[in-house]
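Quick notes on the structure that follows.
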Amino acid sequence: MKLKFLGTAAAEGVPAVFCNCSACKRARSVGGKNIRTRSQILIDGDTLYDFPMDTYMHALRFGIDLSAIKRVLITHSHMDHCYPQEFCMRGEPFAHNMTEKTVDIFCNAAVKEMFLSDTAREIRENVKNSINVRTLSPFETVEDGDMTIIALPASHTVGEDCLVYYVQRAGVGALLLNDTGILDAGVYERLHGFGAKVDIAVFDCTYGATKRGRGRHMGLYDVTEQIELVGGIGLFKQNVKLIATHLSHNTDLDHDGISKLAEPYGITVAYDGMEISAGE
């Protein structure tokens with residue numbers, strides 16, 4: 001399994017859209033790994049994890065054929081994770097010679113409602129018929145082609161059943177915890193009960209080098225506690241790869257700064273364009 005981190009920022013990006021704080025000024029000046037677009041992951045070239053407003057730019061930057069995407073896993077209805085209007089262009093007369101005739105979108109009920117309402121004005125019937133929006137509930141398992149998908153309950157927006165996902169393909173498992181606060185042991189125990197094993201674990205690290213406790217996001221020291229918890233339950237394989245993503249400018253840490261703090265815990269801080277593989 002190969003994961004490519006197309007974007008690694010929180011909702012406002014780094015530098016943030018309208019911001020002139022010291023971190024954003026520094027990111028604009030230094031560039032490189034300090035420039036972060038909204039979070040999105042490409043899995044094995046055919047699956048997208050979230051669909052932010054930066055998706056088109058990601059496709060241009062990294063040479064992605066968006067028509068080849070077979071499935072999209074959407075976590076929740078915030079615009080930096082779900083920008084459905086783009087799908088109005090998925091078909092004639094806006095797109096020709098597409099690689100895949102249809103795409104499956106996996107999401108919660110709030111995302112489906114948003115998808116249908118936000119595309120209603122412009123989507124053509126032929127385009128609409130090529131998009132399958134499939135709602136999932138927490139702990140629901142789907143076998144989609146050669147990929148197993150398990151939806152897990154996120155700790156994020158009150159009033160919405162936000163999701164994160166575990167995916168498995170060819171015996172390789174990835175636990176993808178973008179945009180969530182800390183999860184209870186019971187979530188991981190349920191996942192372990194499904195027989196899941198994790199080769200790659202990706203954690204929300206919005207709050208940088210802090211410990212936030214209960215809330216909508218995690219900091220580095222929440223992540224380290226979650227890693228200890230998950231490891232104790234027995235989900236991790238021996239050489240599990242630990243990744244932090246979904247970074248905010250509000251931590252006032254550049255990429256090298258947060259990476260230096262994460263390194264002693266065996267955590268790699270993702271950057272836009274980073275690739276990581278397991279099971280090859």
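The values are calculated or read from the model by the stated rules, or taken from the named source; none is laboratory data. In this text, all values refer to a predicted model and were calculated from it rather than measured experimentally. Backbone-built Cβ (ideal geometry, glycine too); neighbour counts: all protein chains shown.
Yes/no matrix, rows are residues, columns are (1) part of a helix (DSSP H, G or I); (2) touching a residue at least 12 places away in the same chain (Cβ under 8 Å); (3) surrounded by fewer than 22 Cβ atoms within 10 Å (Cβ to Cβ):
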| position | (1), (2), (3) |
| --- | --- |
| 192 | yes, yes, yes |
| 216 | no, yes, yes |
| 223 | yes, yes, no |
| 232 | yes, no, yes |
| 244 | no, yes, no |
| 272 | no, yes, no |
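For every residue, the table says whether it meets (1) more than 18 Å from residue 180 (Cα to Cα); (2) in contact with an Asp or Glu (Cβ under 6 Å, 6 or more places away or on another chain).
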site	(1), (2)
111	no, no
128	yes, no
133	yes, no
142	yes, no
146	yes, no
151	no, yes
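Evaluate the range 259-267: report whether one residue or more is under 20 Å from the mean Cα position of the chain (by Cα), of a type in the set (Phe, Trp, Tyr) and either farther than 30 Å from residue 171 by Cβ or at pLDDT 95 or above (or both).
As a first pass, look at the range 259-267 and keep what is under 20 Å from the mean Cα position of the chain (by Cα): 259, 262, 267.
Pick out the ones that are also of a type in the set (Phe, Trp, Tyr) and you get none.
The answer is no, given that none of the residues of the range 259-267 is under 20 Å from the mean Cα position of the chain (by Cα), of a type in the set (Phe, Trp, Tyr) and either farther than 30 Å from residue 171 by Cβ or at pLDDT 95 or above (or both).
Scan the range 23-41 residue by residue and report those that are of a type in the set (A, V, I, L, M) and surrounded by fewer than 17 Cβ atoms within 10 Å (Cβ to Cβ).
Keep residues of the range 23-41 that are of a type in the set (A, V, I, L, M), which gives 23, 27, 30, 35, 41.
30 - this is the single residue of the range 23-41 that is of a type in the set (A, V, I, L, M) and surrounded by fewer than 17 Cβ atoms within 10 Å (Cβ to Cβ).
Within the range 16-49, how many residues are under 30 Å from residue 278 (Cα atoms) and either touching a residue at least 24 places away in the same chain (Cβ under 8 Å) or touching a Phe, Trp or Tyr at 6+ places or on another chain (Cβ under 8 Å) (or both)? Can you show your working first?
Going residue by residue through the range 16-49, those that are under 30 Å from residue 278 (Cα atoms) are 31-49.
Applying the additional criterion that residues be either touching a residue at least 24 places away in the same chain (Cβ under 8 Å) or touching a Phe, Trp or Tyr at 6+ places or on another chain (Cβ under 8 Å) (or both) yields 32-49.
Matching residues across the range 16-49 total 18.
Let me spell it out: the conditions are (1) surrounded by fewer than 20 Cβ atoms within 10 Å (Cβ to Cβ); (2) over 19 Å from residue 101 (Cα atoms), and residue 67 meets all of them except one. Which number is the exception?
Status for residue 67: all satisfied but (2).
Of the residues 130, 117, which is closer than 29 Å to residue 169 by Cα and either of a type in the set (Ser, Thr, Tyr) or in contact with a helix residue (DSSP H, G or I) (Cβ under 9 Å, 6 or more places away or on another chain) (or both)? Write out each step before concluding.
Details: 117 fails: closer than 29 Å to residue 169 by Cα.
Answer to the selection: 130.
Provide a single number: the residues in the range 6-22 that are surrounded by fewer than 22 Cβ atoms within 10 Å (Cβ to Cβ) and out of contact with any Cys (no Cβ under 6 Å at 6 or more places or on another chain).
Count: 8.
What are the residue pairs meeting all of these: first residue in the range 120-135, first residue crowded, with 16+ Cβ neighbours inside 10 Å and at pLDDT 95 or above, second residue of a type outside the set (Ser, Thr, Tyr) and assigned to a strand (DSSP E or B), Cβ atoms under 6 Å, and 6 or more apart or on different chains?
From the range 120-135, the pairs are 131/103; 133/105.
Looking at (1) farther than 18 Å from residue 267 by Cα; (2) in contact with a helix residue (DSSP H, G or I) (Cβ under 9 Å, 6 or more places away or on another chain); (3) not aromatic (Phe, Trp, Tyr), which one does residue 208 not meet, given that it meets all the others?
(1)
Just wondering, is there one or more residues in the range 78-93 that are buried (at least 19 other Cβ atoms within 10 Å of the Cβ) and hydroxyl-bearing (Ser, Thr, Tyr)? Break it down stepwise before answering.
Taking the range 78-93 and keeping what is buried (at least 19 other Cβ atoms within 10 Å of the Cβ), we get 78, 80-84, 87, 90-91.
Those left that are additionally hydroxyl-bearing (Ser, Thr, Tyr): 83.
The answer is yes, given that some residue of the range 78-93 is buried (at least 19 other Cβ atoms within 10 Å of the Cβ) and hydroxyl-bearing (Ser, Thr, Tyr).
Report yes if some residue within the range 42-56 is touching a His at 6+ places or on another chain (Cβ under 7 Å), in a loop (DSSP other than H, G, I, E, B), surrounded by 23 or more Cβ atoms within 10 Å (Cβ to Cβ) and at pLDDT below 95; otherwise report no.
So far as the range 42-56 goes, no, none of its residues is touching a His at 6+ places or on another chain (Cβ under 7 Å), in a loop (DSSP other than H, G, I, E, B), surrounded by 23 or more Cβ atoms within 10 Å (Cβ to Cβ) and at pLDDT below 95.
Let me confirm something: among 201, 151, 174, which residue is surrounded by 22 or more Cβ atoms within 10 Å (Cβ to Cβ), in contact with a Ser or Thr (Cβ under 8 Å, 6 or more places away or on another chain), at pLDDT 95 or above and among the small types (Gly, Ala, Ser)? Spell out the reasoning first.
Details: 201 fails: in contact with a Ser or Thr (Cβ under 8 Å, 6 or more places away or on another chain); 174 fails: in contact with a Ser or Thr (Cβ under 8 Å, 6 or more places away or on another chain).
So the residue among 201, 151, 174 that is surrounded by 22 or more Cβ atoms within 10 Å (Cβ to Cβ), in contact with a Ser or Thr (Cβ under 8 Å, 6 or more places away or on another chain), at pLDDT 95 or above and among the small types (Gly, Ala, Ser) is 151.
Within the range 110-129, which residues are of a type in the set (Gly, Ala, Ser) and either closer than 16 Å to residue 47 by Cα or within 18 Å of the chain's Cα centre (by Cα) (or both)? Before you say what the answer is, go through the steps one by one.
Of all residues in the range 110-129, those of a type in the set (Gly, Ala, Ser) come to 110, 117, 120.
Of everything in the range 110-129, just one residue is of a type in the set (Gly, Ala, Ser) and either closer than 16 Å to residue 47 by Cα or within 18 Å of the chain's Cα centre (by Cα) (or both), namely 110.
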